[in-house]
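**Student:** Right, I'll just put the structure down here and ask away after.
The values are calculated or read from the model by the stated rules, or taken from the named source; none is laboratory data. In this text the structure is predicted, and so the values were computed from the model without any measurement. Neighbour counts are summed over all protein chains in view; Cβ atoms, including those assigned to glycine, are modelled from backbone coordinates with ideal geometry.
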Amino acid sequence: MSFSFIKTGNASVALAEQAEKEAEIRREQTGKLWRFFLSQIKNSSKYEDARITFVDGDLNSEGFLTPPRWYEHMMYLSGTWTNFVCPEKTNPTSGDKCPLCESGDKPSLVAGFTIIDHRQYKSQKGDIYADTRKLFIAKPQTFEILNKMAVKRNGLAGCSFDVSRTGDKSPSVGSVFDFCEKKPVMEIQAAYMKETTDPKTNQKTKGTYFIPADYENEIVYRTGAELTALVGGAPAQTTNNQQSSGSTVDYAKEL
């Protein structure tokens with residue numbers, strides 16, 4: 001008996017990729033942001049390119065970037081690479097111990113930015129989604145590149161770049177940043193508007209989504225005890241320098 005509805009081979013891969021893209025769209029629509037990354041192109045050694053626009057990234061009074069920062073671990077959990085805030089390094093005054101540090105994994109210092117990802121995605125229904133707001137998480141090497149560009153451009157907010165990735169050892173957020181243009185933030189805000197509905201009053205309002213992420217809401221902080229309960233002790237596989245070529249799930253996602 002032939003089951004033509006079952007997808008195999010390339011069709012199976014395409015179905016999985018479609019599901020991932022639509023899950024990303026649903027996540028964007030529920031108010032939780034996905035992380036920006038450049039994945040490997042199917043059946044190729046090359047990686048995606050993308051144009052992005054920074055929503056935040058102002059300079060401080062001394063002329064340097066001062067984005068939100070924290071330490072995080074990446075571990076393989078439930079079939080995907082997942083990020084967790086390190087409570088021991090991020091909040092040392094709490095005296096909280098981190099089970100992932102105790103397992104021997106070293107956390108990475110990261111800096112958070114908000115961007116607009118201008119790539120387009122098409123749903124199975126044929127709907128086109130573009131200009132999605134995402135988190136751009138930079139490790140120290142990438143941050144230094146961004147800081148130099150921010151100093152040169154008097155801040156990153158409003159700056160658009162064509163971003164590319166040179167290989168599987170390069171950062172998943174890209175290693176080459178080609179400056180395109182910089183526009184006033186207020187001008188860009190007027191171009192990125194969306195309608196929202198108040199769940200209590202059912203009243204609809206229109207406003208810009210070209211605004212920085214609520215990092216306190218997006219970045220989930222767990223105590224050492226909460227992490228231990230979640231991962232069940234020492235992780236089976238962790239990495240400090242993993243550069244995922246696929247989707248990296250952030251810790252704001254429900255596990």
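**Student:** For the structure I just gave you, tell me whether Leu146 is part of a helix (DSSP H, G or I) and surrounded by 14 or more Cβ atoms within 10 Å (Cβ to Cβ).
**Tutor:** Taking the combined requirement at face value, the residue satisfies it.
**Student:** Another question, then. I'd like to know if the stretch 117-132 contains one or more residues that are β-branched (Val, Ile, Thr), over 29 Å from Phe64 (Cβ atoms) and either assigned to a strand (DSSP E or B) or modelled with pLDDT under 95 (or both).
**Tutor:** The answer is yes; a qualifying residue exists.
**Student:** May I pose another question? Within the bounds of the stretch 150-162, is there any residue that is free of Cβ contacts under 8 Å to residues at least 40 places away in the same chain and within 22 Å of Leu65 (Cβ to Cβ)?
**Tutor:** Yes, some residue in the stretch 150-162 is free of Cβ contacts under 8 Å to residues at least 40 places away in the same chain and within 22 Å of Leu65 (Cβ to Cβ).
**Student:** Also, I was wondering about something else. Quick check on my filter: what residues within the stretch 186-209 are in contact (Cβ under 8 Å) with a residue 40 or more places away in the chain and among the hydrophobic types (A, V, I, L, M, F, W, C)?
**Tutor:** Result: Ile188, single match.
**Student:** Could you check the stretch 42-95 and list, in sequence order, the residues that are on the phi > 0 side of the Ramachandran plot and modelled with pLDDT under 95?
**Tutor:** Asn43, Gly63, Ser78, Gly79, Gly95 - these are the residues of the stretch 42-95 that are on the phi > 0 side of the Ramachandran plot and modelled with pLDDT under 95.
**Student:** Quick one: in the stretch 98-110, which of the residues that are part of a loop (DSSP other than H, G, I, E, B) and surrounded by 15 or more Cβ atoms within 10 Å (Cβ to Cβ) is modelled with the lowest pLDDT?
**Tutor:** Ser103
**Student:** Taking Ser160, is it within 18 Å of the chain's Cα centre (by Cα) and at pLDDT below 95?
**Tutor:** Values: within 18 Å of the chain's Cα centre (by Cα): yes; at pLDDT below 95: no.
No.
**Student:** For the subset of the stretch 169-206 comprising residues that are surrounded by fewer than 12 Cβ atoms within 10 Å (Cβ to Cβ) and in a loop (DSSP other than H, G, I, E, B), which member is nearest to the chain's Cα centre (by Cα)?
**Tutor:** My answer is Lys169.
**Student:** Any residue in the stretch 83-96 that is free of Cβ contacts under 8 Å to residues at least 40 places away in the same chain and in a helix (DSSP H, G or I) sitting within a Cβ distance under 6 Å of a residue that is buried (at least 22 other Cβ atoms within 10 Å of the Cβ) and not aliphatic (A, V, I, L, M)? List the pairs, counting only those 6 or more apart or interchain.
**Tutor:** Pairs found: Lys89/Pro107.
**Student:** Might you let me know whether the stretch 66-73 holds any residue that is closer than 21 Å to Glu216 by Cα, over 21 Å from the mean Cα position of the chain (by Cα) and in a loop (DSSP other than H, G, I, E, B)?
**Tutor:** Checked the stretch 66-73: no residue is closer than 21 Å to Glu216 by Cα, over 21 Å from the mean Cα position of the chain (by Cα) and in a loop (DSSP other than H, G, I, E, B).
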